[in-house]
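Bear in mind these aren't lab numbers, they're just calculated from the coordinates by the rules spelled out. Everything quoted here is computed from the prediction, not taken from an experiment. Cβ atoms come from the backbone with ideal geometry, glycine included; neighbour counts cover every protein chain shown.
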Amino acid sequence: MGIIKATYEHFEIVQKIVNETIGTVYPNYYPQGAVVFFLRHHSREAIQKAIAGNEVFLLEAEGEFVGTGSIKENEINRLFVLPAYQGKGFGTFMMDELEAIVFAAYPEAVLDASLPAYEMYSHRGYVPVEYHRIKTDNGHYLCYHVMKKGCCGKFDSPSD
């Protein structure tokens with residue numbers, strides 16, 4: 001198991017992982033308008049731009065690519081693991097690798113936590129610092145938290 005930097009040749013793989021994960025997992029947590037919002041947010045153009053910016057990583061395990069994640073400065077985003085590989089430690093491994101990259105250059109990591117990922121991030125020591133609610137198609141809402149974690153597993157929350 002390991003991660004590699006995605007290149008443009010990996011675009012279809014990254015897009016497949018993102019779309020399959022959103023399409024399979026997110027309807028269990030969000031209404032249809034929010035799911036469509038996520039798919040648009042992680043559009044073909046957005047993924048291509050991130051790959052061009054050397055921000056995208058792929059997780060290879062069991063002879064195939066099973067996850068993806070991106071880093072832009074100290075922000076970890078677009079972390080997705082194919083549904084068939086969830087709950088088996090692949091997301092944890094990917095986060096360990098991405099955090100190591102971020103913490104080598106920054107004192108804290110920041111991410112947007114969707115409802116399906118919130119518990120994993122919380123268990124990793126991320127602290128919610130903002131809450132957002134976006135109205136989407138059909139009057140549906142997408143809710144998420146901005147979370148932070150310090151390099152030593154600590155983060156001074158705004159109330160401290």
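Bridging of Lys5 to aspartates and glutamates at a Cα separation below 19 Å is possible for Glu45, Glu55, Glu60, Glu62, Glu64, Glu73, Glu75, Asp96, Glu97, Glu99, once same-chain residues fewer than 8 apart are set aside.
Which option, [x] 43, 40, 30; [y] 43, 31, 28; [z] 77, 45, 19, is the value of Cα extents along the principal axes in Å that was calculated from these coordinates? This structure yields the entry labelled [x].
For the pair Arg133 and Lys16 in one chain, pulling the backbone fully straight at 0.36 nm per residue adds 39.5 nm over the alpha carbon distance. For a modelled paramagnetic label at Ala105, 7 Å from Cα along Cα-to-Cβ, the residues of the stretch 1-39 in reach, with backbone nitrogen under 20 Å, are 3-8. Around the amide H of Ala6, modelled in the peptide plane, lie the amide H atoms of Val56, Phe57, Leu58, all under 5 Å away and 5 or more residues distant in sequence or on another chain. Phi angles of the stretch 79-88 translate, via the Karplus equation with coefficients 6.51, -1.76, 1.60 and θ = phi - 60°, into HN-Hα couplings of 8, 9, 10, 3, x, 5, 10, 6, x, 10 Hz per residue; Gly and Pro are given as x.
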